[in-house]
Every structure is written in C-alpha cells, then in structure tokens.
Amino acid sequence: MRPAPGLRAALRTALATGLVLGLSACASTPYPGFDQDERSVYGSYLAARYASSARELDASAAFYADALERAPESGLISQRAFFAALVAGDFDNADAAAEVAANDPETAQIAELYWRVIQLGRGREAPTISNTPIGPFSTLVSSILSDWDMIARGGEPSWAQTEIHLESAELVPAQQQMHRALVYETLRKPEAAEEAYRQARDGVPGLNGFNTVMYGAFLERQGRRDDARALYQAALEEFASDRPDIEAALARVERNGRAPRLPAPRQAAARALFPPASLISSRASGEYTILFLRVVQRLDPEFDTNTLTIAQLLDNLDLQDAAVAEYRKIDDGPLLEQVTVSRIWLQFRMDQTEALVDEARVLVQDDPTLSRRLLLADMLRVTDRCAEAIPIYADVSAQAEAERGQADWRFVFYHAACVEIAQDWDAAAPLFERALDLAPNEPMLLNHLGYNLIVEGEQMERGLEMVERAVSIEPSNGAIVDSLGWGQFKLGHIEEAIFWLERAVTLSPDSGTNNWHLGDVYAAAGRTLEAEFQWRRALELDLDEDERALVERRLELGLDAGPPDLP
C-alpha cells in the first residue's frame, strides 16, 4: 500500500539517509579546488552517509550534525541532519536542524510537525511555518498540535465549545477520538470526554490495551473506581496475552491507590498523537513510523508505551543496537518486566553469550514469573540444552492453563520441539497434536507437524493437507512452501514438487534445505546438471552436519544411492 498523501516526500527523504554510499570511492580524495572548510563539510557528509549505510544511527547523526555546523545554510544537509538525528532519537541535533528543515519547501512535512512540537506552548504566539499540511493525515496531526498549543496558551479549540460532539461522534476518525477525549477532560466536560474515550476504545482494535488504560484512568479521576475496576477486568478477560499495564491499573484500584494525574498539555498531545501512528504503520514503512513516533517522544520522553513501540520497530528493522538502547530507557513502571525480558532476548539473539543466560537465571531466582521462566527456557532450547528446558516449558504451560483456563499453544509447541530434540518424534508427537488442538490454523504449527508426518511416512496424506492449509495462510513463506513441495515429492508427484520447490527457492534463496530439496526433485526428474547445481548451492548455505553429509553423498554417488531422506 502506498503511503498517504503528505507522507511520500518524507519517506523518500528519510530513506535517502540510509542509501548505500555511492560516493565512497571519493571519500579519501575530496574534489580539487575545495578549500579547507569545504573539504571538512564534504568529509563529514560522506562519513555520515557511510555510517548510515552501515546502520550506525548515532554516528550518522553526529557526522551530519558536524556537517551542518560547518554549513548551516545548506538545505540538503539540514534535511539529512534532521532525519538522521530524529531516527536516532538524538533530539539535541534534531532540534538544531529542525527550523531550517521545516521551512524548506522540499523538506517533508514531518520536519514541520517536529518544529511545532518543540514550540508547543512556548513563547507568546504560536509558531508560524511557511508550509501548509498536505493530505488528510498531515491535516489531522496538524490540527491536534494546534489544539494543544492553544490549550497550553490558555485557549480553547472552537469545536470543543459546542454540543454537536455528542451527535456527530461517528463522523470523527477513530484515531482522533483519544485527542478529543483528552481535550474534553482538560476542559472539564466529563460527559463528552467519556463518550470520546469509549469511541476511542471501540474504534481502534489494535490499540485496545492503550485506550483501555486511558479510559480507566479517566474513570478513576472521576471517582468511579467500580466502573474502572469492571473495565480493567473485562479487558484482561478479552486479551489472550499478558497486559501488565492493565494489570497494574487494576492492582492500583484494588488497593485504593491514587488515580493517575490528568496529563499536562505536552503529555496529552503525545498520547493524542499515538493512535494516528496506527494509520502510518498500515500505509508506510517501519522507518517512517519510527520518525513519527520520535516526534511523539520529543513531546514526552517518559511515555513508555511509545518508547516500547519504537524499540520493537527498531528490532524489526534489524537496528538491534538502537533497539537495545531504547529498551534501556524504560527503567521503571508496569512495562519494565516485558521490556527487560525483550531486551535480554534481543541481546541473546545478537550474541549468545553465557553471561546473558546467567542474567536470565538470576531473574528467575529473584522472581520466577512466567515470562522470565519462558525466557530462560527459550535460551536453553536454542543453545542445545533441551533436557534442562523441558521441565520449564512443562511448568510454564501448566501455569498458563491454570491461570487462563487454557494452555498457550506456543508454550506447548516449544515444549514439544524440545522433547523431539532430546528424545524422539514418537515422544513429541502427542504434544504437537495438543498444540494443534489449541491453534488449528497456526501456519508454523501446521507446517512443522505436517512436514514431520510427511517425513515419517505414516500419515503422509494428512501431513500434506496440513502443509497445504499452512501455504494457503502464508503463501509467501519459503519454509512452508518447501514443505509442500517436499510432500508432493514424497508422494511421487514430481511435476507438482518441482513447481512448489522452485517457488520455495525463489522465496528463500539462502535456505540450504530448500536448495537441497530442489536438487533432489531435479535429479528424480532426470535433470542431472540442474540437480548438481542446487546441491552445490546448498553446500554454500546453512546446512547442519547431517544435511551436509547427505548432500555431499548426493554429489558423489547420485540420488539413487540414498538414503532418500534424513532420519
């Protein structure tokens, strides 16, 4: 889906800071005729481009800032310096570049939004920017900032002065309802505020947790503790996963704790802008969503839900060092448990050191929560210590079932995977079947169980049906498509197998298993040269020792020499 109007220019400019450095060959030899200052600007600019291409966010922001200091009138450098600093969360350097970037007609509108955020509620008059909003999203965000700037200066938005809101709530975008709720509550109009809070909660399903916490806090501030308690309890029953923020809110009500304070204008603006981020995430790339959430973070650095979302997006973009740094910003509050577990798991994925396993063990010893024990079990599983992980998975699954009334299929699945590794398929199969009962349409589970049934050869037709269902759900998953092709091969359907295995290699060209399987089916079809090519390609990739030995045997003796598959 294309980004909404007003986002495309921002996206192009932001992504330009991360392009591969095309001028790297010139880095050591500045253009002849440049004076010393020009060479310094050019060198800092190239260093920033190189750092960006190497995904070193902090270094890129610092080099661009240095270039901007040497050439403060450069519109190009202002743009690049602003976006690099904003992605990195370097607000000092983003602030320095924002005004020039915001008033440049070629600069994307997010620079203008950022400049308005800096100035919100400050000075005698609202800031003036030469550009005007383009498209519905920019108009929505601009109006939210204007409203909170007006409130911060003692004013009141004109739309909040009428009673039309109760009859026209359905005409307001769901992502704007949180803004309206906070405005009405700030202006002491509780009836209108409650209607908007309710609309916000019901209108944006992906933000039910956040909107529930906000709505419940309003009820607490109104002295309606019983209503808040009922809201929190109902929400916890709805969610399949843990919601520590709602659990903490419920615990506060149960102990008659003080209601959360009404957010000040800058804090309220941050929370009002958070729902529109869901519009961006569905229409633009993760990079742009991070840029927008950084604008929200500039308003309120203590808004932990926003910080957690930034960390998760950075991780998804493989900016792992930046994600770890973001996780570390949250050092208190109801999200701390989730953040700590996520941060340790991310660091473990980056470098599987025993020190991180020890850190997880200490966490479990201090407080053996479900999430901490699951973290330790996962770390043990991926480091080939399944015998130690099995009892932890069993306990975690039992606890989850006791607390929620139903086991979590993921815990059962990883328990089964460890049993399969530490013992054998026969011991693991009942656990996989139980996981399938809990999640009959989960592609990863359908693929794993179906593939093993195919390989075992006892329920090949059933296994193939499972894999076909998995492919229908995730048709672009190379591993799942490979399972379907391998199943067709096992059933003797050579042409169908070639079709699916060629697609699997296209989808996941760096999978050694996919290339090995395609080589086997080519060999079965008499396409010897193509088979040998795929086997050699497989040996260059991620095969385990048994797979590598089998493929080497194929190249030496051919497919007919066997074995047909690994045990």
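The values are calculated or read from the model by the stated rules, or taken from the named source; none is laboratory data. These numbers come from a predicted model, not from an experiment. All Cβ positions, even for glycine, are placed from backbone atoms using ideal geometry, and neighbour counts span all protein chains on display. To get the accessible areas, we keep the full protein, side chains included, count just its heavy atoms, and leave off ligands, DNA and RNA. Shrake-Rupley method; radii C 1.70, N 1.55, O 1.52, S 1.80 Å.
A few notes on this one:
- Filtered by the rule that a residue be closer than 16 Å to D300 by Cβ and surrounded by 17 or more Cβ atoms within 10 Å (Cβ to Cβ), the range 329-347 gives I330, L335.
- Going through (1) modelled with pLDDT under 95; (2) part of a helix (DSSP H, G or I); (3) within 30 Å of P440 (Cβ to Cβ) one by one, D565 falls short only on (2).
- Residue within the range 509-519 that is open to solvent by less than 60 Å² (accessible area, probe 1.4 Å), hydroxyl-bearing (S, T, Y) and over 20 Å from E540 (Cβ atoms) present: no
- Top-ranked residue of the range 324-377 - restricted to ones that are touching a helix residue (DSSP H, G or I) at 6+ places or on another chain (Cβ under 7 Å) and of a type in the set (D, E), ranked as farthest from T309 (Cα to Cα): E359
- On inspection, A479 fails the criterion of being in contact (Cβ under 8 Å) with a residue 24 or more places away in the chain and in contact with a helix residue (DSSP H, G or I) (Cβ under 6 Å, 6 or more places away or on another chain).
- Complete set of residues in the range 525-537 that are open to solvent by 50 Å² or more (accessible area, probe 1.4 Å) and assigned to a helix (DSSP H, G or I): T528, L529, E530, E532, F533, R536, R537
- Conditions (1) closer than 30 Å to V362 by Cα; (2) in contact with a Phe, Trp or Tyr (Cβ under 7 Å, 6 or more places away or on another chain); (3) open to solvent by 60 Å² or more (accessible area, probe 1.4 Å): number failed by D395: (2)
- Every pair of residues 6+ apart whose Cβ atoms lie under 9 Å, when the first sits in the range 197-209 and is under 14 Å from A272 (Cα atoms) while the second is open to solvent by 40 Å² or more (accessible area, probe 1.4 Å): Q199/E170
- Enumeration of residues in the range 106-136 that are within 21 Å of A67 (Cα to Cα) and either at pLDDT below 80 or open to solvent by 20 Å² or more (accessible area, probe 1.4 Å) (or both): E106, T107, A108, W115
- Boolean, S78 is under 24 Å from V295 (Cα atoms), among the polar types (S, T, N, Q) and open to solvent by less than 40 Å² (accessible area, probe 1.4 Å): yes
- In the range 270-321, residue nearest to P173 (Cα to Cα) [restricted to those that are acidic (D, E) and within 12 Å of the chain's Cα centre (by Cα)]: E287
- Residue selection: A427 fails the criterion of being in a helix (DSSP H, G or I) and surrounded by 19 or more Cβ atoms within 10 Å (Cβ to Cβ).
- Boolean, I290 is open to solvent by less than 10 Å² (accessible area, probe 1.4 Å), among the β-branched types (V, I, T), part of a helix (DSSP H, G or I) and within 23 Å of I118 (Cα to Cα): yes
- Residues in the range 404-424 that are assigned to a helix (DSSP H, G or I) and either basic (K, R) or open to solvent by 80 Å² or more (accessible area, probe 1.4 Å) (or both): R404, R410, I421.
- For E540, the test of being acidic (D, E), over 26 Å from E458 (Cα atoms) and either in contact (Cβ under 8 Å) with a residue 60 or more places away in the chain or open to solvent by 60 Å² or more (accessible area, probe 1.4 Å) (or both) is passed.
- Count of the range 311-328 residues which are in contact (Cβ under 8 Å) with a residue 40 or more places away in the chain, crowded, with 18+ Cβ neighbours inside 10 Å and among the acidic types (D, E): 1
- Taken over the range 171-217, the criterion of being modelled with pLDDT of 95 or more, within 16 Å of I246 (Cα to Cα) and of a type in the set (A, V, I, L, M) is satisfied by V213, M214, A217.
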